[in-house]
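Single-structure report; data block below.
The values are calculated or read from the model by the stated rules, or taken from the named source; none is laboratory data. These figures come from a predicted structure and were not determined experimentally. So basically every Cβ, Gly included, is an ideal-geometry build from the backbone, and we count neighbours across all protein chains shown. Please note that ligands, DNA and RNA were not included when accessible areas were found on the heavy atoms of the full protein model with its side chains. Shrake-Rupley method; radii C 1.70, N 1.55, O 1.52, S 1.80 Å.
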Amino acid sequence: MKKFLALVLFVTMSFSHAEEKSQIFNLTVTEEGFIPGTLNVKPGATVILNVIRKTNSTCATQIKVPSKNIKQDLPLNKVVKINLGKLEKGEVKFSCGMDMVTGVIFVK
């Protein structure tokens with residue numbers, strides 16, 4: 001029984017520790033583009049983007065993150081979770097599939 005409780009405690013602490021290291025951001029695609037268009041994150045933490053497209057009036061029906069080799073469709077009015085993993089210092093650019101609507105993540 002003690003081993004079981006120790007295992008449960010270890011797993012629980014591992015998950016809570018992982019959550020502390022994650023930075024979660026909500027992005028909305030509107031007629032103006034990605035809102036917000038810039039993000040500031042800390043290096044070394046897992047970055048997760050929750051993206052929702054609220055319009056059909058732009059070409060931003062996809063999101064691309066070239067440095068992470070990510071290209072994801074953005075269905076209308078549905079949240080898409082994008083795990084960028086851990087980011088190093090610098091800039092991480094993202095855009096629509098046609099590179100017309102853009103944004104940047106500053107890692108510092």
Could you order Ile82, Ile24, Ile35 so the one with the most accessible surface comes first? Probe is 1.4 Å. Ile24, Ile35, Ile82
Over all directions, how big on average is the projection of the convex hull of the alpha-carbon atoms in region 16-66, in square nanometres? 4.3 nm²
With a point put 7 Å past each Cα toward its Cβ, work out how far Val80 is from Asn26 in nm, to one decimal. 1.9 nm
